[in-house]
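Read the structure below first, then the notes.
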Amino acid sequence: MGGVAGFSACSLLALSRLGHAKGAARSEQGNLAVKQAIAAHSASVSDSATGDATTPMGPMPTSARWAYILDSTTNTVLLSRNAEERMPPSSLTKMMTAYVVFAFLASGRIRLEQMFPVSHKAWRMEGSRMFVPLGSSVSVEDLIRGMLIQSGNDACVVLAEGIAGSEERFVTLMNEASHRIGLHNSHFMNVTGLPADDHYMCARDVAALAQHLISDFPRYYHFFGEKEFTFNHIRQGNRNVLVDKGLADGLKTGHTDAGGFGLCASSEHNGNRIIVVINGTSSTNERAHEGERLMSWAFSSFETVKFLSRGQVVEPKAAVWMGEHRSVALAVAEDVSLTIPIGWSSRVQISVDYPSPIAAPVVVGQKSGHVSAGLPGQPRVYSPLYTVDSVEELGIVGRLMARFGHAPE
């Protein structure tokens, strides 16, 4: 992914004056619109009523009942199907278990070499296991590998009991952390993802959790990408086929009868990181095929284009009221980049909005409006505008002259 799109000074000036002509009367409405649009930016593309996934390019079929693809670098939703609907997360739950474990490691409250005892409850766990021996003690590092590579339910319980004293108390920590990082459509009843009433996530939350795991704990993210682990003389491979094929550097798979076969996978190419979440496929083969297809589609169909650079002047002559100069230049505070379908740069709309005129005195770096960019009908990206120069307020004589049309240039 990559590319740069520029705008001529003339076209930017026309855009800025279009916004500037609306004047100060529109500023309150503009502020409200900004807040609403920013909220919409994180909400994703709405789901299609036909059952197909929704993308910026239109409906797209997917065999997954729940699906969500996010460009994590620009926080752009590329595909969505039933992404806010509650679903059984199965072993995708272990991503949340790992988040709490990593938080304890990062804070120094536990250590990778620390040994945790194996209880009878952990030893007799059903489903996928790393086969911890009853009455033994296992290192935190081995337990993490058993949880993430082998998807061991027994490893999850040993970790939960070693950190919190019981699975139930650890689950409380999971729900607290979930709320803290903004997973507002998730609730956990256990550390494994085994079926339980009131245990759910949505696909959007799974992607958001993946973002946090990658950004909050880069030191431990590698555990998700290890291809195999041998414990107690039993060798098991990573169940995430995209990791096994080298198409992803993490994260997790899951399966229950209620949730079907699911997957969360992430990969980074040319500075862009994609997160794919699917759930509700009918088999391991379908999960692998659909995950690989959607990951490939995301990287081959989109590019990230920088439309404006930090410090770029987009309005050279914003009017100033009662200042020693009649105008001041406005520049963008940060880069304005969009992840868009390849070849769609010409469809991007850029607008500049600021209160006009700007009342003197004006100081360098003063926030004055914003610039926004986006495709029609899609969430927009915003960057504040700031003043490039300072403008002193006119003195008494100057203000009087200005009222009679003799203001300085």
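The values are calculated or read from the model by the stated rules, or taken from the named source; none is laboratory data. The model shown is predicted, which means the values in this text are computed figures rather than measured ones. Here Cβ is always computed from backbone atoms with ideal geometry, including for glycine, and neighbour counts include all displayed protein chains. Accessible surface is based on the protein model in full, side chains and every heavy atom, while ligands, DNA and RNA are left aside. Shrake-Rupley method; radii C 1.70, N 1.55, O 1.52, S 1.80 Å.
Some points to look at:
- Close pairs (8 angstrom Cβ cut-off, 6 or more residues apart or separate chains): over 12 Å from GLY182 (Cβ atoms) in the range 192-215, open to solvent by 10 Å² or more (accessible area, probe 1.4 Å) and part of a helix (DSSP H, G or I) anywhere: THR192/SER91; GLY193/SER91; LEU213/TYR99; LEU213/TYR221; ILE214/TYR221
- Exclusive hit being part of a strand (DSSP E or B) and modelled with pLDDT of 95 or more, set LEU92, LEU112, LEU143, LEU79: LEU79
- Qualifying residue in the range 216-225 (condition: in a helix (DSSP H, G or I), among the hydrophobic types (A, V, I, L, M, F, W, C) and modelled with pLDDT of 95 or more): yes
To keep it simple, each residue is scored yes or no on (1) in contact with a Cys (Cβ under 8 Å, 6 or more places away or on another chain); (2) in contact (Cβ under 8 Å) with a residue 40 or more places away in the chain; (3) open to solvent by 10 Å² or more (accessible area, probe 1.4 Å); (4) not in a helix (DSSP H, G or I).
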{"site": "ALA258", "(1), (2), (3), (4)": "no, yes, yes, yes"}
{"site": "ALA265", "(1), (2), (3), (4)": "no, no, no, yes"}
{"site": "VAL276", "(1), (2), (3), (4)": "yes, yes, no, yes"}
{"site": "GLU303", "(1), (2), (3), (4)": "no, yes, yes, yes"}
{"site": "ALA318", "(1), (2), (3), (4)": "no, yes, no, yes"}
{"site": "ALA331", "(1), (2), (3), (4)": "no, yes, no, yes"}
{"site": "GLU334", "(1), (2), (3), (4)": "no, yes, yes, yes"}
{"site": "SER337", "(1), (2), (3), (4)": "no, yes, yes, yes"}
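- Enumeration of residues in the range 342-361 that are surrounded by fewer than 18 Cβ atoms within 10 Å (Cβ to Cβ), within 20 Å of PRO376 (Cβ to Cβ) and in contact with an Asp or Glu (Cβ under 8 Å, 6 or more places away or on another chain): ILE342
- The sole residue among HIS325, HIS289 that is more than 30 Å from ASP52 (Cβ to Cβ) and open to solvent by 50 Å² or more (accessible area, probe 1.4 Å) is HIS325.
- Unmet criterion (only one of (1) open to solvent by 20 Å² or more (accessible area, probe 1.4 Å); (2) under 21 Å from ASP205 (Cα atoms); (3) within 23 Å of the chain's Cα centre (by Cα)) for GLY246: (2)
- Of residues in the range 72-125 being more than 22 Å from the chain's Cα centre (by Cα) and aromatic (Phe, Trp, Tyr), the one farthest from MET60 (Cα to Cα): PHE116
- Boolean, PHE229 is under 25 Å from the mean Cα position of the chain (by Cα), aromatic (Phe, Trp, Tyr) and either modelled with pLDDT of 95 or more or surrounded by 17 or more Cβ atoms within 10 Å (Cβ to Cβ) (or both): no
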